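The values are calculated or read from the model by the stated rules, or taken from the named source; none is laboratory data. Fair warning: this is a prediction, and the values are worked out from it, not measured in the lab. Every residue, glycine among them, receives a Cβ derived from its backbone with ideal geometry; neighbour counts consider all protein chains shown.
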Amino acid sequence: MAVNFGGMASGMDTNALIDGLRNAALVPANTMAARAAGYRAASSTISQIGTNLASLKTALSGLSSMDVVGSYKATSSTTGITVTSSPTAQPGAYNVTVAALAREQRTYSTTYASKTAALGLAGTMTLQVGTGTAQNVDVVAGDTLEGIAAKINSTASTTGIRVNAAILYDGANYRLQVRGLDTGSANNVTFTGAMSTTMALDVPANTVQSAQNAQITVDTYTVSRPTNDFADVIPGVTMTAKEVSATAVRVEVAADATTLKDKVHAIADAFNKVVSSGHFASGYGSNKATNPYLAGDSAVRSVEQKLGSWTSNTYVTGGAYTRLSDVGITLNKDGGLTIDDAKLMTAFTTDPKCVSKLFARDLGAVTGGAMATLKDSIDILNLTGTGTVPGRAKMFDDRASALDKRIDAEKLRVDQYVLGLRKQFANMETEISKSKTAGSSISLLG
């Protein structure tokens, strides 16, 4: 880098002088840069409010529609039947007896002394699962018991027939096992062909477990299914049979106040985070805005107004619980949500259907439900491109970008200005140097 030793002729520190003039000329650019940084900080703060709104929307989703409100929970009196419930479950109680568990078929061949010696058998084994397409397995004299099992598994892999072959050793002899992969009486495996007969796979006694359905009795009504899962007997409840029961198991679907309370608290936490971020951004009470460009910002006010009016609306016509305050959900003095757990739990256990309707929107409906209503408001506020919040953030970004262009132009002007100054001072130094040279010459002549 070239070093400029200014002022050698004049004795002036021209570099310092130029730097001072340059810094003075950059004041407008620096002022604009500070404003641009402020705009970007404002955009970031507004965007964070948008992020918090998105989190609130996610929390609201847990109670916004009847298919997810999760008002009821299924329980079983023993581990012989396990139960799970979906949000569509309705209250009820049932006596359930497990008469049979679903099983797959297992069939064994006659015994063989070795699994690796050629059996000297030749012929075709035909396998069929239920009413599916029969598949042939060709056995040749050089095949071993392991080789026949491998051929069955290869055929299953290429054709999709749902069987599997393995070898069982009882300590003295080997047997071929052919097992169906699916439970249910419709998935029985039948064996035909000369090789099936030779290996005694078609002998009924060699089928040690037949394919069968699970069977339960629900309040004297018999229900059969191909698996141990009964997902459509009690609406919204899946029962899984684990063991045959001699006595009835009590399955009950009851109001799940604890889960509902947890969901309400998750909403309150997310709600209060939005309120706090709004207060932080635009100021609240005696606290000033963290960014002067956001003081009293209209977008922040719009968010706060939407949240503030939410709890005061009526969402149910008739019934004991028509507004959120009826179930203990109210605004505190700073605009945040406060939950009265005792009031909420009492309301829900007293009339869970009414509370669910207060919170959730009916399936297919476009209005109603407190949680769905606030979700709709958030969609308007937070919609990408046209929403109040992202639109406000973009406005600040655009202002910052416009200033960036002006700053670049101003810095270019200052650079040209400084270049001109350096030329002027260089010329001045040259003239002073010439004058001193001439003066020295005249002095020598005298």
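Structure data summary
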quantity: Number of the condition not met by residue 238 [criteria: (1) modelled with pLDDT under 95; (2) not assigned by TED's automatic domain parsing to the domain that holds residue 343]; calculated: (1)
quantity: Residue in region 309-317 that is in contact with an Asp or Glu (Cβ under 7 Å, 6 or more places away or on another chain) and either assigned by TED's automatic domain parsing to the domain that holds residue 64 or assigned to a helix (DSSP H, G or I) (or both) present; calculated: no
quantity: Selected residue [at pLDDT 90 or above, surrounded by 13 or more Cβ atoms within 10 Å (Cβ to Cβ) and either acidic (Asp, Glu) or in the same structural domain as residue 270 (by TED's automatic domain parsing) (or both)] from 373, 388; calculated: 373
quantity: Every pair of residues 6+ apart whose Cβ atoms lie under 6 Å, when the first sits in region 35-55 and is assigned by TED's automatic domain parsing to the domain that holds residue 291 while the second is of a type in the set (Ser, Thr, Tyr) and part of a helix (DSSP H, G or I); calculated: 38/293; 42/293; 48/277; 49/277; 52/277
quantity: Yes/no for residue 322 being of a type in the set (Val, Ile, Thr) and surrounded by fewer than 17 Cβ atoms within 10 Å (Cβ to Cβ); calculated: no
quantity: Subset of region 336-364 (residues that are at pLDDT below 90, assigned to a loop (DSSP other than H, G, I, E, B) and more than 27 Å from the chain's Cα centre (by Cα)); calculated: 351
quantity: Search result, residues across region 355-370 that are surrounded by fewer than 19 Cβ atoms within 10 Å (Cβ to Cβ) and of a type outside the set (Ser, Thr, Tyr); calculated: 362, 363, 364, 365, 366, 368
quantity: Criterion (surrounded by fewer than 20 Cβ atoms within 10 Å (Cβ to Cβ) and either among the acidic types (Asp, Glu) or assigned to a strand (DSSP E or B) (or both)) met by exactly one of 240, 247, 259; calculated: 240
quantity: Every residue from region 143-177 that is among the polar types (S, T, N, Q) and over 22 Å from residue 117 (Cβ atoms); calculated: 155, 157, 158, 159, 164
quantity: Residues (over 29 Å from residue 82 (Cβ atoms), in a helix (DSSP H, G or I) and free of Cβ contacts under 8 Å to residues at least 60 places away in the same chain) located in region 183-220; calculated: 197, 204, 205
quantity: Verdict on residue 107 being touching a residue at least 12 places away in the same chain (Cβ under 8 Å) and surrounded by fewer than 21 Cβ atoms within 10 Å (Cβ to Cβ); calculated: no
quantity: In region 221-232, residue surrounded by the most Cβ atoms within 10 Å (Cβ to Cβ) [restricted to those that are part of a strand (DSSP E or B) and not charged (D, E, K, R)]; calculated: 230
quantity: Residue check, residue 420 touching a Gly at 6+ places or on another chain (Cβ under 9 Å) and in the same structural domain as residue 33 (by TED's automatic domain parsing); calculated: no
